[in-house]
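**Q** What follows is a single structure, and I will ask about it in a moment.
The values are calculated or read from the model by the stated rules, or taken from the named source; none is laboratory data. From a predicted model like this one, the values you see are computed outputs, not experimental measurements. Every residue, glycine among them, receives a Cβ derived from its backbone with ideal geometry; neighbour counts consider all protein chains shown. These area figures cover heavy atoms from the full protein model, side chains too; ligands, DNA and RNA do not enter into them. Shrake-Rupley method; radii C 1.70, N 1.55, O 1.52, S 1.80 Å.
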Amino acid sequence: MAFRTIIEPFRIKSVEALRFTDEPTRRRALAEAGGNVFLLRGDDVLIDLLTDSGTGAMSATQWGALMQGDESYAGSRSFYRFQAVVQDLTGFRHVIPTHQGRAAERILFESVLTAGDVVPNNNHFDTTRANVEVEGAEARDLVIAEGRVPSLVHPFKGNIDLDALERTLMADGDRVPLVMATVTNNSGGGQPVSLENLRGVRALCDRFDKPLFLDACRFAENAWFIKQREAGQADQTPKAIAQAMFALADGCTMSAKKDGLANIGGFLALNDDAWADKARTLLILTEGFPTYGGLAGYDLEAIARGLEEVVEEPYLRYRIRSAEYLADKLVEAGVPILRPAGGHAIYIDARALLPHIPPLEYPGIALVNALYITGGVRAVEIGTVMFGRGSDGAESPAAMDLVRLALPRRVYTQSHIDYVAEVVIEVASQREALRGYRIVSAPTALRHFTAKFEQLT
Ligand SMILES: Cc1ncc(COP(=O)(O)O)c(C=O)c1O
């Protein structure tokens, strides 16, 4: 029998109390945090949508698996179980555990890049870009044009522009050691990449003899979008679709804090023996022995189980529907958002919502802070504060001023989401009263994390 209501596909066995605060308390907390929600204490936040990374709830089976953790320094049973699950999913020969995604990136890029190289991708995530650039290489974003227009609805806004990739490989091919594709495309709004597009990328990689790596953090969400939106895929299981995605690649970097359904962890997996040797040598320097790589045996168990749970259909149906549900409410209320909804987050177009606040007065920060003060909801600015300062220190508006509401996995229920929608709609109804900000102090790099702000009068 088909009922319309999609319920959370779990019941709750253990709860964590939320701490309610009143508006004066939140104003005080934000003032103490220098107007930057990154500097708030978690206890002062009611609904925390800062990130979906490492913030998910583990299942009873995962908690149970922790007790199975084998903490042998070398040859841990938990590693072999982890390796078997990753190999079943990805088909890659070498599986190298790391403490999180960026460690896999650092080890891969340090192993294979030299100064002057170019790494094409749809959109590099900020740690991916930083780890490419620290090697003196260029991180080149080649997402399709539709992926750069927030209001435009397209089923696969994360696709790579194949003509642009071909041009890059023809002009700079001798400087491209590998091609990457981020699934889903976080920096581009959590948007998926189609199998057809990955096949096109693979064909170009074959023609120019380049390996293809996936940044696979949200591979399962991407697989679900393919099942829903790509012709001929509706009858495939999410796991089979994920396997088809990985089969087109030669390796992947992975943050298990997303679709590993774990609170920490990651891995690098690849086929090339020589690259794997180099990576393992670097791994031992900073992460650990190749059978634990910076993780406890129990972490490996939790990730192994998480990778199995994350491709279950009831989970993915609920997961993607939760984001759409919030998006539908906001669109209905006339709040401008990036469309369609991403897999893991909703992105509000703060520049469109607050046209009276110029980009250099940070409309994203104005909105983030109003959401916190009004309802205790913590979001994150993805705009001019994050991307607006050039390497010469000069300020210019970022391409977009977005505010991301990221949904932790299996943590909040529908009524929490209803509450969030109510808070956003309330703030939007008072948009004219919102004021911009100026930066009082900021570090020279990654300023969004620790900058201090003052509201303009
Ligand atoms: C697409 C993408 N790649 C890489 C990373 C880095 O992963 P980690 O935070 O585990 O280092 C993230 C984290 O948010 C991400 O979203």
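**Q** Would you mind finding the one in I320, I241 that is of a type outside the set (S, T, N, Q) and over 19 Å from D88 (Cα atoms)? Before the answer, list the steps.
**A** On the way: I241 fails: over 19 Å from D88 (Cα atoms).
Criteria check complete, one pass: I320.
**Q** If you scan region 290-341, which residues turn out to be acidic (D, E) and at positive phi?
**A** Just the residues of region 290-341 that are acidic (D, E), to begin with: 299, 301, 308-309, 312-313, 324, 328, 332.
Once the filter is applied, which keeps residues that are acidic (D, E) and at positive phi, region 290-341 yields nothing.
**Q** Would you check if A145 is farther than 15 Å from N197 by Cα, surrounded by fewer than 22 Cβ atoms within 10 Å (Cβ to Cβ) and either more than 15 Å from the ligand (Cβ to nearest atom) or of a type in the set (G, A, S) (or both)?
**A** Numbers: farther than 15 Å from N197 by Cα: no; surrounded by fewer than 22 Cβ atoms within 10 Å (Cβ to Cβ): yes; either more than 15 Å from the ligand (Cβ to nearest atom) or of a type in the set (G, A, S) (or both): yes.
Here the answer is no, as A145 does not meet what is asked.
**Q** OK, next. Regarding region 53-60, can at least one residue be identified that is away from the ligand (no atom under 16 Å from the Cβ), assigned to a helix (DSSP H, G or I) and either hydrophobic (A, V, I, L, M, F, W, C) or farther than 13 Å from L300 by Cα (or both)?
**A** yes
**Q** Any idea which of (1) surrounded by fewer than 16 Cβ atoms within 10 Å (Cβ to Cβ); (2) under 22 Å from R404 (Cβ atoms); (3) over 18 Å from the mean Cα position of the chain (by Cα) is the one A115 doesn't satisfy?
**A** So A115 meets the others, but not (2).
**Q** Is it true that D52 is under 18 Å from the mean Cα position of the chain (by Cα) and open to solvent by less than 60 Å² (accessible area, probe 1.4 Å)?
**A** Against the criterion (under 18 Å from the mean Cα position of the chain (by Cα) and open to solvent by less than 60 Å² (accessible area, probe 1.4 Å)), D52 qualifies.
**Q** Can you name the helices (runs of 4 or more DSSP H) wholly within region 331-434 that have at least 2 residues being crowded, with 22+ Cβ neighbours inside 10 Å and at pLDDT 95 or above?
**A** On the way: elements: 350-353, 363-375, 384-387, 414-429.
Ranges flagged: 350-353, 363-375, 414-429.
**Q** Does Y437 meet the test of being in contact with a helix residue (DSSP H, G or I) (Cβ under 7 Å, 6 or more places away or on another chain), of a type outside the set (G, A, S) and at positive phi?
**A** Values: in contact with a helix residue (DSSP H, G or I) (Cβ under 7 Å, 6 or more places away or on another chain): yes; of a type outside the set (G, A, S): yes; at positive phi: no.
Criteria not met by Y437.
**Q** Output the residues belonging to region 67-94 that are surrounded by 13 or more Cβ atoms within 10 Å (Cβ to Cβ), more than 15 Å from G293 (Cβ to Cβ) and small (G, A, S).
**A** G91
**Q** Moving on. Residues being at pLDDT 95 or above and in contact with a Ser or Thr (Cβ under 8 Å, 6 or more places away or on another chain): count how many of those fall in region 190-225. Steps first, please.
**A** We begin by selecting, within region 190-225, every residue at pLDDT 95 or above; these are 191-225.
Going one step further and asking which of them are in contact with a Ser or Thr (Cβ under 8 Å, 6 or more places away or on another chain), we end up with 191-193, 213-218, 221-222, 225.
Residues flagged as at pLDDT 95 or above and in contact with a Ser or Thr (Cβ under 8 Å, 6 or more places away or on another chain) within region 190-225 amount to 12.
**Q** Here is a follow-up. Give, as residue ranges, the helices (runs of 4 or more DSSP H) completely inside region 205-291 that count at least 3 residues that are within 23 Å of R321 (Cβ to Cβ). Steps first, please.
**A** On the way: elements: 219-229, 238-247, 273-286.
Where helices (runs of 4 or more DSSP H) fall fully within region 205-291 and carry at least 3 residues being within 23 Å of R321 (Cβ to Cβ), they are 219-229, 238-247.
**Q** Let me ask another. Would you please list the contacts, defined by Cβ atoms under 7 Å and residues six or more apart or on different chains, that run from a residue in region 390-413 that is in contact (Cβ under 8 Å) with a residue 12 or more places away in the chain to a residue that is among the polar types (S, T, N, Q)?
**A** P397/T384; A398/T384; D401/T384; A406/T51; L407/S322; P408/T55; V411/T55
**Q** Okay, moving on. Can you say whether A17 is small (G, A, S), open to solvent by 80 Å² or more (accessible area, probe 1.4 Å) and at pLDDT 95 or above, as far as the supplied structure shows? Give the derivation first.
**A** Values: small (G, A, S): yes; open to solvent by 80 Å² or more (accessible area, probe 1.4 Å): yes; at pLDDT 95 or above: yes.
Taking the combined requirement at face value, the residue satisfies it.
**Q** Please find, among G101, G116, the residue that is within 16 Å of the ligand (Cβ to nearest atom), modelled with pLDDT of 95 or more and not hydrophobic (A, V, I, L, M, F, W, C). Don't jump to the end; show me each part of the working.
**A** Working: G116 fails: within 16 Å of the ligand (Cβ to nearest atom).
It is G101.
**Q** A follow-up question, please. Any residue that is more than 16 Å from the ligand (Cβ to nearest atom), open to solvent by 10 Å² or more (accessible area, probe 1.4 Å) and part of a strand (DSSP E or B) - is there at least one of those in region 129-139?
**A** yes
**Q** To continue, here is another question. Filtering region 247-271 down to residues that are hydrophobic (A, V, I, L, M, F, W, C) and surrounded by fewer than 24 Cβ atoms within 10 Å (Cβ to Cβ), which residue is farthest from the ligand (Cβ to nearest atom)? Quick ask: steps written out before the conclusion?
**A** First, pick out the residues of region 247-271 that are hydrophobic (A, V, I, L, M, F, W, C): 247-249, 252, 254, 256, 261-262, 264, 267-270.
Still in the list and also surrounded by fewer than 24 Cβ atoms within 10 Å (Cβ to Cβ): 247-248, 264.
On the way: A247: 20, L248: 18, I264: 8 Å.
Among those that are hydrophobic (A, V, I, L, M, F, W, C) and surrounded by fewer than 24 Cβ atoms within 10 Å (Cβ to Cβ), it is A247.
**Q** Could you please give the count of residues in region 272-281 that are surrounded by fewer than 18 Cβ atoms within 10 Å (Cβ to Cβ) and either over 18 Å from E110 (Cβ atoms) or touching a helix residue (DSSP H, G or I) at 6+ places or on another chain (Cβ under 7 Å) (or both)?
**A** 1
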